[in-house]
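Read through the structure below, which is laid out as structure tokens, and then see the notes.
All of the numbers you see were taken from the coordinates with simple rules; none came from a lab. What you see is a predicted model, and the numbers here were worked out from it, not measured in a lab. Backbone-built Cβ (ideal geometry, glycine too); neighbour counts: all protein chains shown.
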Amino acid sequence: MTDPETFRERALSTLVTARDRTTLLTSCVEEPDLTAQHSPLMSPLVWDLAHIGNQEEQWLLRTVAGQEAIRPEIDSIYDAFEHPRAERPKLPLLKPAEAREYAADVRGRVLDVLERAAFHGTRLTEAGFAFGMIAQHEQQHDETMLITHQLRKGPQALTAPDPDPAPLFTGPAEVLVPGGPFTMGTSTEPWALDNERPAHRREVAPFWIDTTPVTNGAYQRFIDDGGYQDERWWAPAGWDHIRRHSIQAPLFWSRDGRQWLRRRFGVTEVVPSDEPVVHVSWYEADAYARWAGRRLPTEAEWEKAARHDPAGDRSTRYPWGDADPAPQHANLGQRHLRPAPAGSYPEGESPLGVRQLIGDVWEWTASDFEPYPGFQPFPYKEYSEVFFGPDHKVLRGGSFAVDAVACRGTFRNWDYPIRRQIFSGFRTARSETV
Ligand code: AVJ
Ligand code: FE
């Protein structure tokens with residue numbers, strides 16, 4: 001049992017970390033860049049800012065603390081289901097100064113509530129879940145806002161040190177994950193979201209999985225081999241999509257003679273061949289895998305590779321064990337504004353030697369986003385339940401842009417298979433043929 005003071009400290013520090021990041025992402029550009037729509041796929045940054053405050057008010061002040069609404073009239077503006085992203089710039093949004101003030105006002109009141117909170121009682125308050133949920137929500141929007149920054153035209157506004165150069169990786173290109181059941185999902189992780197629950201046994205046949213994510217260099221070989229011109233490699237809907245939109249390389253790439261360049265947070269650079277490929281759609285990942293004579297791992301395979309400890313027949317929280325992520329384990333939290341070279345983070349590897357499952361790039365899996373057996377929507381259907389079904393593919397493992405509070409071996413992300421503005425990459429797998 002974790003004691004209440006530990007939950008209080010954890011809630012406080014994760015909320016503060018999230019707000020520091022939000023503040024940076026909404027103060028490193030001038031006002032016109034906060035209210036502009038940089039892509040129809042994204043909200044104006046100032047919408048995310050007030051939406052963060054509004055969700056925090058709704059869940060922590062109104063639902064948990066039973067307080068009256070501060071500004072009930074703005075709820076509908078910041079309801080993600082009422083207004084699609086493309087329409088949000090036309091809404092009567094709070095101006096940047098008002099949005100900042102509102103989010104800060106909510107936060108001030110939340111800290112008062114947190115001081116008095118007892119971390120037991122209802123499911124929402126038990127173990128500080130509601131606070132953890134809101135910290136994760138803010139961090140998810142911080143990743144969303146970083147995507148908006150990446151889509152923004154104009155000079156560099158954000159900087160961060162590069163990851164260390166990779167130590168020479170001498171491990172095998174793939175490892176065999178033995179067949180058999182393992183425990184997928186969780187019933188014990190206190191801040192796990194509804195879609196990660198409950199823990200259940202899954203049978204997985206033996207399979208091989210890449211020890212690192214697919215690199216830019218490997219992906220360029222697919223391009224050079226005419227991969228984007230060869231219908232054989234593509235799912236029919238993917239082929240149709242790349243034809244219709246003239247897609248010939250990952251998003252943000254451009255060709256300069258024989259060399260590939262990419263734009264990254266306002267700077268154009270040569271595509272580094274040893275870094276995991278990022279900004280590819282599920283269709284591109286799927287096509288690459290077929291070209292390579294392989295396939296994407298299923299979601300269950302991915303989680304088994306990331307969590308199953310063959311020695312103890314149990315599932316750990318992370319590939320390296322149960323310890324919370326630290327800088328030596330994984331590239332998380334926008335510490336760096338790019339993935340680290342393939343083969344980095346030896347201390348983060350799984351017992352079988354699979355690296356970079358956590359952090360760097362979200363990894364597309366072969367699987368549709370579906371509920372686990374025994375799924376219960378909590379605390380609201382719009383978090384996960386309305387997205388279940390064949391329209392969304394699951395991504396796993398988190399990216400350099402996501403904070404540790406919103407990333408773990410059980411964490412599930414999802415998106416449409418055409419999407420590639422997200423920090424998405426992949427690794428490949430193959431079935432063990434007996
Ligand atoms: C889990 C990343 C798909 O951004 O739509 C944010 C997270 N949910 N606010 C999203 C989320 C509500 C969600 N993803
Ligand atoms: Fe949200």
Distant-in-sequence amide H partners of residue 204 (H built 1.01 Å from N, under 5 Å): 180, 182
Selection from 38, 127, 65, by position along the positive dipole direction of the stretch 1-144 (Cβ): 127
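Could you tell me what a quarter of the Cα convex hull surface of the stretch 259-346 works out to, in nm² with one decimal place? Working shown, then result.
On the way: hull surface 31.4 nm².
The orientation-averaged projected area of the Cα hull of the stretch 259-346 comes to 7.9 nm².
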Chymotrypsin sites (Phe, Trp or Tyr not before Pro) within the stretch 71-138, DSSP loop, no more than 15 other Cβ atoms inside 10 Å: 81
Backbone HN-Hα couplings from phi across the stretch 295-301 [Karplus 6.51/-1.76/1.60, Hz, Gly and Pro as x]: 8, 6, x, 6, 4, 5, 4
Residues of type aspartates and glutamates that residue 393 reaches as a straight line, Cα spacing below 16 Å, ignoring anything fewer than 8 places off in the same chain: 196, 284, 286, 299, 301, 303, 363, 368, 370, 385, 415
Coil-residue GluC sites (Glu not before Pro) of the stretch 58-102, DSSP, other Cβ within 10 Å capped at 15: 68, 82
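Rg/Rh for the stretch 351-434 to two decimals, with Rh computed the Kirkwood way over all alpha-carbon pairs. Numbers along the way, then the final one.
Details: Rg = 14.0 Å, Rh = 14.2 Å.
Rounded to two decimals, Rg over Rh is 0.99.
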Summed side-chain charge close to residue 263 - residues other than residue 263 whose Cβ falls under 11 Å, Lys, Arg +1, Asp, Glu -1: +3
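Mind ordering 414-422, 109-117 by average Cβ neighbours within 10 Å, highest first? Walk me through the intermediate numbers first.
Values: 414-422: 19.2, 109-117: 15.4.
Final packing ranking: 414-422, 109-117.
Given Cα pairs under 8 Å that are at least 6 residues apart, what percent is the relative contact order of the chain? Let's see the in-between values first.
Working: 799 pairs, mean separation 79.2, N = 434.
Here the relative contact order equals 18 percent.
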Under-5 Å amide H pairs with residue 378, H placed in peptide plane, nonlocal only: 194
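Once you sort the root eigenvalues of the Cα gyration tensor of the stretch 244-294 as a ≥ b ≥ c, which label holds: rounded (a/c under 1.5), prolate (a/b larger than b/c) or oblate (the other case)?
The shape class here is prolate.
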Part-to-part distance (alpha-carbon centres) for the stretch 51-118 and the stretch 167-215, which is given in Å: 37 Å
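Sorting check: for 44-56, 267-279, 374-386, which peptide has the highest mean count of neighbouring beta carbons within 10 Å, and how do the rest follow? Could the numbers behind the result be given before it?
Details: 44-56: 24.7, 267-279: 18.5, 374-386: 14.1.
Highest mean packing first, the order is 44-56, 267-279, 374-386.
Quote the convex hull volume per residue of the chain, based on C-alpha atoms, as a whole number of Å³.
Details: hull volume 62.3 nm³, N = 434.
Spelled out: Cα convex hull of the chain, divided by residues, is 144 Å³.
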Whole-Hz ³J(HN,Hα) from phi, Karplus 6.51 cos²θ - 1.76 cosθ + 1.60, for the stretch 42-58, glycine and proline x: 10, 7, x, 4, 5, 5, 4, 4, 6, 5, 4, x, 5, 5, 4, 5, 4
Dipole of the stretch 165-434, positive end: most advanced residue of 369, 217, 410 [Cβ charges, Cα centre]: 217
Karplus (6.51, -1.76, 1.60) ³J(HN,Hα), θ = phi - 60°, over the stretch 336-352, in Hz, Gly and Pro reported as x: 10, 9, 6, x, 7, x, 4, x, 6, 6, x, 6, x, 6, 7, x, 8
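What value, in deg cm²/dmol to 500, does the helix sum -39500 (n - 2.57) over DSSP H runs of n ≥ 4 give at 222 nm once divided by the residues of the chain?
Numbers: 9 runs with 120 residues, N = 434.
Helix contribution divided over all residues of the chain: -9000 deg cm²/dmol.
With charges only on Cβ, +1 for K and R and -1 for D and E, what is the dipole size of the chain about its Cα centre, in debye, rounded to 20? Intermediate results must be reported in sequence, preceding the final value.
Values: 48 positive and 63 negative charges, 175 e Å.
Magnitude of the dipole: close to 840 debye.
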Selection from 380, 241, 429 lying farthest towards where the dipole of the chain points positive, charges on Cβ: 241
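Once you order the gyration tensor axes a ≥ b ≥ c over the Cα atoms, which shape class does the stretch 115-227 get: rounded for a/c under 1.5, otherwise prolate or oblate by comparing a/b with b/c? Don't skip to the end; give the middle numbers.
On the way: a/c = 2.58, a/b = 1.24, b/c = 2.07.
Verdict is oblate for the stretch 115-227.
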Whole-angstrom gap from the stretch 269-292 to the stretch 356-381, using each part's C-alpha centre: 21 Å
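What is the magnitude of the charge dipole of the stretch 4-151 about its Cα centre, with +1 placed on the Cβ of each Lys and Arg, -1 on the Cβ of each Asp and Glu, and no other charges, expressed in debye to the nearest 20? Before the final figure, lay out the partial values.
Values: 15 positive and 24 negative charges, 39 e Å.
Its charge dipole is roughly 180 debye.
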Interchain or long-range residues, amide H under 5 Å from residue 367's placed H: 299, 394
Cα-based convex hull volume of the stretch 4-151 per residue, rounded to whole Å³: 99 Å³
